[in-house]
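Participant: For reference, the structure I am asking about is given below.
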Amino acid sequence: MQTTLTKIALEYALSKLEEAEIDLIIKSEFETIEKIELLQLLPENRIKRLLIKLGFKEEFLKTI
């Protein structure tokens, strides 16, 4: 990802917000498909943690 002054400014602004405020921005700014695309970019271990939260069994996830 290319670092620009705009992205640096956004990173700074977001670092000053509470988690609830960041969640509100994400909920209002991104469409469902964009949220899914972002989640798919997570590292494998975090995706597996999400799958556990979604009801997948750990035993099954060890096989994939």
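Participant: For the chain, which whole-number percentage of the solvent-accessible area (1.4 Å probe, protein heavy atoms only) is attributable to carbon and sulfur atoms? Spell out each step's value before the answer.
Facilitator: Values: 3710 of 6160 Å².
The computed percentage sits at 60.
Participant: To continue, here is another question. Assuming a strict under-17 Å limit between Cα atoms, what lysine pair count do you get for the chain once near-sequence pairs (fewer than 8 apart, same chain) are dropped? Could the numbers behind the result be given before it?
Facilitator: Numbers: K7/K16; K27/K35; K35/K48; K35/K53; K48/K57; K48/K62; K53/K62.
Count of close lysine pairs: 7.
Participant: Show that you can apply the helix-only estimate: for the chain, add -39,500 (n - 2.57) for every DSSP H stretch of four or more residues, divide by all residues, and state [θ] at 222 nm to the nearest 500. Provide the component values of the computation, followed by the final result.
Facilitator: Numbers: 5 runs with 45 residues, N = 64.
Result for the chain: -20000 deg cm²/dmol, rounded to the nearest 500.
Participant: Which of I36, I25, I52 moves the most in a Gaussian network model of the chain with Cα springs under 10 Å?
Facilitator: Of the options given, I52 has the highest mean-square fluctuation.
Participant: How big is the charge dipole of the stretch 11-51 about its Cα centre, in debye rounded to the nearest 20, if each Lys and Arg gets +1 on its Cβ and each Asp and Glu gets -1 on its Cβ?
Facilitator: So the dipole magnitude of the stretch 11-51 works out to roughly 260 debye.
Participant: Using DSSP loop states and a limit of at most 10 other Cβ atoms within 10 Å to flag GluC sites (Glu not before Pro), what is the longest stretch of the chain containing no flagged site?
Facilitator: 32-64
Participant: Now, a different point. Given DSSP loops and a limit of at most 10 other Cβ atoms within 10 Å, what is the longest stretch of the chain that contains no such trypsin sites (Lys or Arg not before Pro)?
Facilitator: 17-56
Participant: Now, a different point. How much accessible area per residue does the chain have, in Å², with a 1.4 Å probe?
Facilitator: 96 Å²
The values are calculated or read from the model by the stated rules, or taken from the named source; none is laboratory data. Just so you know, these numbers come straight off a predicted model, no measurement behind them. Reconstructed Cβ throughout: ideal geometry from the backbone, glycine too, with neighbour counts over all protein chains shown. Protein only, heavy atoms only, side chains kept; ligands, DNA and RNA dropped before computing areas. Shrake-Rupley method; radii C 1.70, N 1.55, O 1.52, S 1.80 Å.
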